[in-house]
Amino acid sequence: MSLYEPLFRHVLWPAYEGGLRRRGTPRHVREYAKAQWLPAEQIRDLQFSRLKRLLDWCQREVPFYRDRWAQMGLSPADIRTPADVALLPVLTKADIREHGDRLKATSLRDGLAYKATGGSTGEPLRFGYTRESNDRRVAVMWRGYGWAGSRMGRRTLFLWGGTVGEPTRAHQLKDQLYNAVFARKQLNSFAMTEANLASYADAIDAYKPEVIVAYVGPLVRLAQFLLATGRRVARPASIIGAAEALHPFQRELIEQAFGAPVFNTYGCREFMLIASECEHRDGLHVNADHLMVETLDAAGTPTTHGSGEVCITDLFNYGMPFIRYVNGDMATHYHGQCACGRGLPLLASVDGRKLDAIRTRAGHVLPGEFFPHMLKDVPGLARFQLVQRTLDRLDLSIVRGQGFDDASLSYIQREVAKVLGDSAELHCHFVDDIPLTRSGKLRVTVSELTP
């Protein structure tokens, strides 16, 4: 451990975050650090009491829930046990788009901050959140990443999506300062091609990170390159995979190439970190002291057997509460207790988050996450789907909404050209709708190329 790591974690960061910025994050870090060791039954009780408090709040403050529950003849008083949660209706992306303003708490609406999802289901989504909920999400993220050795102030390299658009010089300087203070470096995974893989290996060797955090797809591609060429890079203590499902064969390949253990995580932009592996790597611990995570069968009934649709309740975003929100992912519960002794429940796997990668004759292997990441803030973009049928052509279907104009289209063409050059032609098509798959989901990035 470097001298900087404990200095940053115990002195500099708390002084800045809790003192100068007056955020509650340091306090929440301590709270969640203790809560993880509670017995499973106590965590379930804590979770349910927090849910009950949130339901009472929504009855008073959030018009959408108050009216919907009244139409169903429901009230928070009807939710007497955890099993009664199934009486509450699920919240869909369509609900949020249609009733977003009525989902905001009356007394908090003017103080909300906002984010947009990457639209991995093809429909970007804008949502509000309170300062406290964001502080808590950051605290939970540090706890989960810490299980994999990614402690605050530890030298970390991110193989992650780069900034899209044209960031200002001030924004670039702010990012550079942030990365330097947090002892981290970022490599743009969207710029990765077959021709420049060696440069990514060079960057890892030059930086010598103790931890690597990466999109699974680009990390696998880099691992394949290292094994094929026989090259070794500076060995990190651990690697964290994110943004895609991490399959066993991918974990084995990455560990073979980098000589370090790989940890799986699960999160989404609406909630940040949902679940992550501890040092035993035997399932993903759900942050049940912060969220309620259910899985639903085809009939919408909670199930703990087999793969089910993920249904999440944020227990602390009182500004724009998401209660039983179905995010389009699939996951499988784990039956049993982890040997680590934490009382947090487990997911055995996250089953439905893989996006198809895009390839070109020039050797680009662009992760599917690029397109939802790049398109999430395009004005007037209601829905999209990108399909690749040949190496030199991409077809982007766009459902236009109010606000989509020539500048929106130019932005899309420019950003794709920045990462793919002239190696593939982008053809944009304006359509009225995009059909769902047989399973009822919209695949946002589809590659029909043979592996």
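Can you find a residue in the stretch 423-431 that is part of a loop (DSSP other than H, G, I, E, B), closer than 29 Å to E309 by Cβ and either at pLDDT below 90 or touching a helix residue (DSSP H, G or I) at 6+ places or on another chain (Cβ under 6 Å) (or both)? Give the steps one after another, and end with the answer.
So the first thing to find is which residues in the stretch 423-431 are part of a loop (DSSP other than H, G, I, E, B), and the list is 423-424, 431.
If we keep only those that are closer than 29 Å to E309 by Cβ as well, we get 431.
Of the ones still in play, those that are also either at pLDDT below 90 or touching a helix residue (DSSP H, G or I) at 6+ places or on another chain (Cβ under 6 Å) (or both) are none.
Scanning the stretch 423-431, I find no residue that is part of a loop (DSSP other than H, G, I, E, B), closer than 29 Å to E309 by Cβ and either at pLDDT below 90 or touching a helix residue (DSSP H, G or I) at 6+ places or on another chain (Cβ under 6 Å) (or both), so the answer is no.
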Inset, instruction - Output the residues belonging to the stretch 17-50 that are within 19 Å of Q337 (Cβ to Cβ) and among the hydrophobic types (A, V, I, L, M, F, W, C). - result: A35, W37, L38, A40, I43, L46
Inset, instruction - Go through G328, G341, G336 for me and flag whichever is out of contact with any helix residue (DSSP H, G or I) (no Cβ under 7 Å at 6 or more places or on another chain), outside any strand (DSSP E or B), modelled with pLDDT under 90 and not charged (D, E, K, R). - result: G336
Inset, instruction - Quick one: which helices (runs of 4 or more DSSP H) lie wholly within the stretch 131-215 and hold at least 3 residues that are in contact (Cβ under 8 Å) with a residue 24 or more places away in the chain and within 19 Å of the chain's Cα centre (by Cα)? - result: 131-147
Inset, instruction - Go through the stretch 142-179 and count every residue that is aliphatic (A, V, I, L, M), surrounded by fewer than 18 Cβ atoms within 10 Å (Cβ to Cβ) and either in contact with a Lys or Arg (Cβ under 8 Å, 6 or more places away or on another chain) or at pLDDT 90 or above (or both). - result: 0
Inset, instruction - Could you tell me whether the stretch 98-115 includes any residue that is outside any helix (DSSP H, G or I) and under 25 Å from A191 (Cα atoms)? - result: yes
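Is it the case that the stretch 50-70 has a residue that's on the phi < 0 side of the Ramachandran plot and part of a loop (DSSP other than H, G, I, E, B)?
If we filter the stretch 50-70 for residues that are on the phi < 0 side of the Ramachandran plot, which is where we start, we get 50-70.
Then keep just the ones that are part of a loop (DSSP other than H, G, I, E, B); that gives 62.
Yes, some residue in the stretch 50-70 is on the phi < 0 side of the Ramachandran plot and part of a loop (DSSP other than H, G, I, E, B).
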Inset, instruction - Might you check whether a residue that is surrounded by 15 or more Cβ atoms within 10 Å (Cβ to Cβ), more than 30 Å from L386 (Cβ to Cβ), free of Cβ contacts under 8 Å to residues at least 24 places away in the same chain and more than 25 Å from the chain's Cα centre (by Cα) occurs anywhere in the stretch 70-90? - result: yes
Inset, instruction - Specify the residue that is farthest from the chain's Cα centre (by Cα); the eligible residues are those in the stretch 1-39 that are in a helix (DSSP H, G or I), surrounded by 14 or more Cβ atoms within 10 Å (Cβ to Cβ) and of a type in the set (A, V, I, L, M). - result: L12
Inset, instruction - May I ask you to say which residue of Y318, Y334 is in contact with a strand residue (DSSP E or B) (Cβ under 7 Å, 6 or more places away or on another chain) and hydroxyl-bearing (S, T, Y)? - result: Y334
Inset, instruction - Please find, among T265, T295, T301, the residue that is in contact with a helix residue (DSSP H, G or I) (Cβ under 8 Å, 6 or more places away or on another chain) and under 23 Å from L38 (Cβ atoms). - result: T265
Legend entry - Unmet requirement for L386, which otherwise passes all of (1) surrounded by fewer than 17 Cβ atoms within 10 Å (Cβ to Cβ); (2) at pLDDT 85 or above; (3) of a type outside the set (S, T, N, Q); (4) under 22 Å from the mean Cα position of the chain (by Cα): (1)
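The values are calculated or read from the model by the stated rules, or taken from the named source; none is laboratory data. Since the structure is predicted, the reported quantities are computational estimates derived from the model, not experimental observations. Reconstructed Cβ throughout: ideal geometry from the backbone, glycine too, with neighbour counts over all protein chains shown.
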